[in-house]
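**Student:** Take a look at the following structure, please.
The values are calculated or read from the model by the stated rules, or taken from the named source; none is laboratory data. Just so we're clear, the structure is a prediction, and the values are computed from it rather than from any experiment. Please note: Cβ atoms are built from the backbone with ideal geometry, for glycine as well, and neighbour counts cover all protein chains shown.
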Amino acid sequence: MIVTLAGHVDHGKTSLVKALSGIDTDRLSEEKRRGLTIDLGFAYMQTGETGIGFVDVPGHHKFIHNMVAGVAHTQFAMLVIAADDGPMPQTQEHLDILGLMGLQRGMVVISKTDKVSGQALATCLENTRGLLRDSFLENCCIKPVSTLSGAGVPEVLQFLIDQAKTSQIAEDTHCFRMAIDRAFTIKGSGLVVTGTVHSGQVDMNTTVSVSSTGKQVRIRGIFKQNQPTTAAQAGDRCSLNISGIDRAQVSRGDWILDTETYAPSNNLVIQLKVLPEFPRVVKHWLPVHIFHATSHTTGKIALLDSAPIQPGGEAMVELELDSALFPKRKDRVVIREYGAERTLGGGEVIDITPSPYRRRDKRRLAHLKLLSSPTPEDALNRMLHPDQDDKGILSLVNIPDFRQNWNLKQQQMDGLLNEMNARVLPDSHGSYAYRSERDTEIATTILDVLKKHHSDNPASAGIKPDSLRNLIAVPDILTNSVMARLENAELITVTAGLVQLPTQAKVLPAKVQAMFDAYAKIAQSSDQPPSLGDAAKLLNVVQAELAKTLKIAARAGLLTEVSTNRFFLPEQLKKMIKHVMELTENDASFSVRDYRDKSGIGRNTAIEVLEHFDARGFTKRFANLRKRISTYK
């Protein structure tokens, strides 16, 4: 169990650690000279099979950044209050920070009891109970001690041992993350980094990177609670002996991360709780300091609701960061006022990923509400089956973003998707998940829209894809996927840039049908259809009228417009395709002359056909030769 000591400066935290463990955590010469803890101090002790680690944090208000760096939500809190002073300003601030960081368990130690009378001690206890009211330590154990006489120290130690025996940190199967609080070199071993493991597990085979560079490093050794080991997990104080990076590239504030979860964030959304004692309302674009684990940056608070947040209030806000942090969903951050030395509040991280929507877009706010679910299982289920699905947008889940936000391994993500029977849709920018039932819903809607269109517009050959997407009103990537499935199943056709029903596509107005039939009769007499001008003369019709008719027939799939001057019947085009296939056996190339001789059509017509094939991606020209590069589509 790791115990974090907190409290006002000079209230005896360091002396208490020494009395309990025998170790002086003030390691810096400046700390020795001033009798003041400046940086984090660490001590470890072993009693039988029970191990306890202590993190001694600075009590002075000037070193709050170091205090925050020593706190993790898995730790046991020990708030130290001197009997002769009672609760002081930093006592309150440290208690607030412990609560904001999500600590759940702890105790209070009243130190320096040898300096006060019984009545003064009773007063201190009464004031302490008042301080703890409505905090996570409201009903905690309070023990008085004197490190000078040793009174109460054995009782505190026994209480910690009992707590350690019952302390159980749930197994964490998420990606490994360790916040670095120290980095140094050891002669003969090389670079060593220490910190608290915030999630996951690490062993000698874990592939990790350093956040400062993204560079992958190798683990050469692992220490847990100051003892050599083969593995460490969430909640442990851990030291890693690493290689592959220079000491100058690693410092407090960096992370050792499972390479899978490397994801710097320049903006994040949190559920901000403003402390009741904060003296002002929190307005939009307020400059602040942001503390996350051992990391720190500056930035601004962007309100997602236009109303300022009152002291003691809470709201979802976005933090615009001046430099990147590496948080994950459910991590905690502490916010301090930019100019004054005062803690404003803090809260739980909701989202670390960029949004495609504007800051206050209702779709984004709805998405964030779904993400605020307590577990990834709940969040994914709600996102796949939202109560209010604005045109289907919310139920299309960006898988890489979701996985990074919740710090999930790929195997965990795949398991969740399988468990929920979600369908995965690959895309050039990543992949998306949605509930499989949506395919049927969207397909039915597409077919219904096309049926109505053909019924209302019998002369129309179909609907442009963009117009259809607007009518369906779901994400384009999902509409395109369903349309492709419908086309493969021959339930719709896409011809000449129009989407149509096969049963309706070949239904032409009577006048158009009559002129097409007449053209087909003269065109099918040879493999080479007549030019548009020759066909108009043979049929004794206006060329422009014939061109209009043949274009309508082409959109209906009855013809193929090979060039502006020539239309091929389906059987004629199949023969032209077959000639290419025969000329390109064994990956051979061919010339225009080869094709003219093979097909028996004129040179100009052969050029028109081959240029049409090039445009469809069936063939490709290389100087004076052509090769077949794909199937005809």
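**Student:** Could you check region 392-401 and list, in sequence order, the residues that are touching a residue at least 40 places away in the same chain (Cβ under 8 Å), touching a helix residue (DSSP H, G or I) at 6+ places or on another chain (Cβ under 7 Å) and part of a helix (DSSP H, G or I)?
**Tutor:** From region 392-401, those touching a residue at least 40 places away in the same chain (Cβ under 8 Å) are 392-393, 395-396, 398, 401; that's our starting set.
After this cut, where a residue has to be touching a helix residue (DSSP H, G or I) at 6+ places or on another chain (Cβ under 7 Å) as well, the list is 392-393, 395-396.
Within region 392-401, just GLY392 meets the criteria.
**Student:** Related question: On the basis of being of a type in the set (Lys, Arg) and in contact (Cβ under 8 Å) with a residue 12 or more places away in the chain, does LYS187 make the cut?
**Tutor:** The answer is no for LYS187.
**Student:** So which pairs qualify, if the first residue must be in region 91-117 and outside the structural domain of SER135 (by TED's automatic domain parsing), the second must be hydrophobic (A, V, I, L, M, F, W, C) and part of a helix (DSSP H, G or I), the Cβ gap must be under 9 Å, and the two must be at least 6 apart or on different chains?
**Tutor:** Between residues of region 91-117 that are outside the structural domain of SER135 (by TED's automatic domain parsing) and residues that are hydrophobic (A, V, I, L, M, F, W, C) and part of a helix (DSSP H, G or I), there is no close pair.
**Student:** When you check LYS273 against the structure, is it surrounded by 18 or more Cβ atoms within 10 Å (Cβ to Cβ), assigned to a strand (DSSP E or B) and outside the structural domain of THR213 (by TED's automatic domain parsing), yes or no? Don't jump to the end; show me each part of the working.
**Tutor:** On the way: surrounded by 18 or more Cβ atoms within 10 Å (Cβ to Cβ): yes; assigned to a strand (DSSP E or B): yes; outside the structural domain of THR213 (by TED's automatic domain parsing): yes.
Yes.
**Student:** Regarding THR503, is this residue exposed (fewer than 15 other Cβ atoms within 10 Å of the Cβ) and either in the same structural domain as ARG423 (by TED's automatic domain parsing) or under 12 Å from LEU447 (Cα atoms) (or both)?
**Tutor:** Numbers: exposed (fewer than 15 other Cβ atoms within 10 Å of the Cβ): yes; either in the same structural domain as ARG423 (by TED's automatic domain parsing) or under 12 Å from LEU447 (Cα atoms) (or both): yes.
Answer is yes for this residue.
**Student:** Another one. Of everything in region 580-616, what is charged (D, E, K, R), surrounded by 12 or more Cβ atoms within 10 Å (Cβ to Cβ) and under 48 Å from the mean Cα position of the chain (by Cα)? Give them in sequence order.
**Tutor:** The answer is GLU611, ASP614, ARG616.
**Student:** Of the conditions (1) buried (at least 17 other Cβ atoms within 10 Å of the Cβ); (2) not in a strand (DSSP E or B), VAL197 fails just one. Which one is it?
**Tutor:** (2)
**Student:** Which count do you get for residues in region 80-134 that are farther than 19 Å from LYS18 by Cβ, in a helix (DSSP H, G or I) and of a type in the set (Ser, Thr, Tyr)?
**Tutor:** 3
**Student:** Please identify the pairs in which a residue from region 417-440 that is touching a residue at least 40 places away in the same chain (Cβ under 8 Å) has its Cβ atom under 6 Å from the Cβ atom of a residue that is in a helix (DSSP H, G or I) and among the β-branched types (Val, Ile, Thr), counting only partners at least 6 apart or on another chain.
**Tutor:** Final answer for the pair search is ASP427/ILE477; ALA433/ILE399; ASP439/VAL482.
**Student:** Across region 158-180, what is the number of residues that are touching a residue at least 12 places away in the same chain (Cβ under 8 Å), in a loop (DSSP other than H, G, I, E, B) and within 19 Å of GLN46 (Cβ to Cβ)? So that I can check it myself, show each step before the final result.
**Tutor:** Here is the first cut: in region 158-180, the ones touching a residue at least 12 places away in the same chain (Cβ under 8 Å) are 159-161, 163-165, 167, 169, 171-180.
Filter once more, keeping what is in a loop (DSSP other than H, G, I, E, B): 167, 169, 171-176.
The next check asks that each one be within 19 Å of GLN46 (Cβ to Cβ); those that pass are 167, 169.
The qualifying residues number 2.
**Student:** Out of (1) part of a helix (DSSP H, G or I); (2) in contact with a strand residue (DSSP E or B) (Cβ under 7 Å, 6 or more places away or on another chain); (3) over 30 Å from ALA554 (Cα atoms), the odd one out for GLN412 is which?
**Tutor:** (2)
**Student:** Could you please give the count of residues in region 312-346 that are under 25 Å from SER251 (Cα atoms) and either part of a strand (DSSP E or B) or under 21 Å from the mean Cα position of the chain (by Cα) (or both)?
**Tutor:** 21
**Student:** Conditions: (1) buried (at least 19 other Cβ atoms within 10 Å of the Cβ); (2) at pLDDT 90 or above. PRO400 meets all but one. Number of the miss?
**Tutor:** (1)
**Student:** Now a separate question. Quick check on region 493-548: of everything there that is in contact with an Asp or Glu (Cβ under 8 Å, 6 or more places away or on another chain) and polar (S, T, N, Q), which residue is nearest to PRO458 (Cα to Cα)?
**Tutor:** Selected residue: THR493.
**Student:** Against the condition surrounded by fewer than 19 Cβ atoms within 10 Å (Cβ to Cβ), over 23 Å from SER525 (Cα atoms) and among the polar types (S, T, N, Q), how does THR619 come out, does it pass?
**Tutor:** Working: surrounded by fewer than 19 Cβ atoms within 10 Å (Cβ to Cβ): no; over 23 Å from SER525 (Cα atoms): yes; among the polar types (S, T, N, Q): yes.
For THR619, the condition - surrounded by fewer than 19 Cβ atoms within 10 Å (Cβ to Cβ), over 23 Å from SER525 (Cα atoms) and among the polar types (S, T, N, Q) - is not met.
**Student:** In region 534-569, what residues are exposed (fewer than 15 other Cβ atoms within 10 Å of the Cβ), closer than 22 Å to ASN604 by Cβ and either of a type in the set (Asp, Glu) or in contact with a Ser or Thr (Cβ under 9 Å, 6 or more places away or on another chain) (or both)?
**Tutor:** The answer is ASP534, and nothing else.
**Student:** Going through region 289-311 one residue at a time, which ones are over 18 Å from LEU365 (Cβ atoms) and either in a strand (DSSP E or B) or modelled with pLDDT of 95 or more (or both)?
**Tutor:** Step one: of region 289-311, the residues over 18 Å from LEU365 (Cβ atoms) are 289-300, 310-311.
Matches in region 289-311: HIS289, ILE290, PHE291, HIS292, SER295, HIS296, THR297, THR298, GLY299, LYS300, GLN310, PRO311.
**Student:** Right, next: Can you say whether GLY130 is closer than 30 Å to LYS330 by Cα, small (Gly, Ala, Ser) and in contact with a Leu (Cβ under 9 Å, 6 or more places away or on another chain), as far as the supplied structure shows?
**Tutor:** Working: closer than 30 Å to LYS330 by Cα: yes; small (Gly, Ala, Ser): yes; in contact with a Leu (Cβ under 9 Å, 6 or more places away or on another chain): no.
So GLY130 does not fit the description; no.
**Student:** For region 320-353, which positions are buried (at least 18 other Cβ atoms within 10 Å of the Cβ), among the acidic types (Asp, Glu) and farther than 14 Å from ILE290 by Cβ?
**Tutor:** ASP351
**Student:** Also, I was wondering about something else. May I ask you to list the residues in region 222-238 that are closer than 18 Å to GLU171 by Cα and in a strand (DSSP E or B)?
**Tutor:** Initially, region 222-238 is screened for residues closer than 18 Å to GLU171 by Cα, giving 224-225, 229-238.
If the condition is that a residue be closer than 18 Å to GLU171 by Cα and in a strand (DSSP E or B), then LYS224, THR229, ALA231, ALA232, GLN233, ARG237, CYS238 are the ones that fit.
**Student:** Moving to a separate point now. Please determine, by comparing only the residues of region 240-270 that are over 29 Å from ARG403 (Cβ atoms) and touching a Ser or Thr at 6+ places or on another chain (Cβ under 8 Å), which one is surrounded by the fewest Cβ atoms within 10 Å (Cβ to Cβ). Break it down stepwise before answering.
**Tutor:** Step one: list which residues in region 240-270 are over 29 Å from ARG403 (Cβ atoms), which gives 241, 246-248.
Filter once more, so that each one left must be touching a Ser or Thr at 6+ places or on another chain (Cβ under 8 Å): 241, 247.
Numbers: ASN241: 17, ARG247: 13.
So the residue we want is ARG247.
Residues are listed down the side, and each one gets a yes or a no for (1) assigned to a loop (DSSP other than H, G, I, E, B); (2) surrounded by fewer than 20 Cβ atoms within 10 Å (Cβ to Cβ); (3) touching a helix residue (DSSP H, G or I) at 6+ places or on another chain (Cβ under 7 Å):
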{"position": "ARG182", "(1), (2), (3)": "no, yes, no"}
{"position": "THR185", "(1), (2), (3)": "no, yes, yes"}
{"position": "GLY188", "(1), (2), (3)": "yes, yes, no"}
{"position": "VAL193", "(1), (2), (3)": "no, no, no"}
{"position": "SER209", "(1), (2), (3)": "no, no, yes"}
{"position": "ARG220", "(1), (2), (3)": "no, yes, no"}
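**Student:** Restricting attention to region 354-363, does a residue exist that is surrounded by 15 or more Cβ atoms within 10 Å (Cβ to Cβ), under 19 Å from the mean Cα position of the chain (by Cα) and not in a helix (DSSP H, G or I)?
**Tutor:** There is at least one residue in region 354-363 that is surrounded by 15 or more Cβ atoms within 10 Å (Cβ to Cβ), under 19 Å from the mean Cα position of the chain (by Cα) and not in a helix (DSSP H, G or I).
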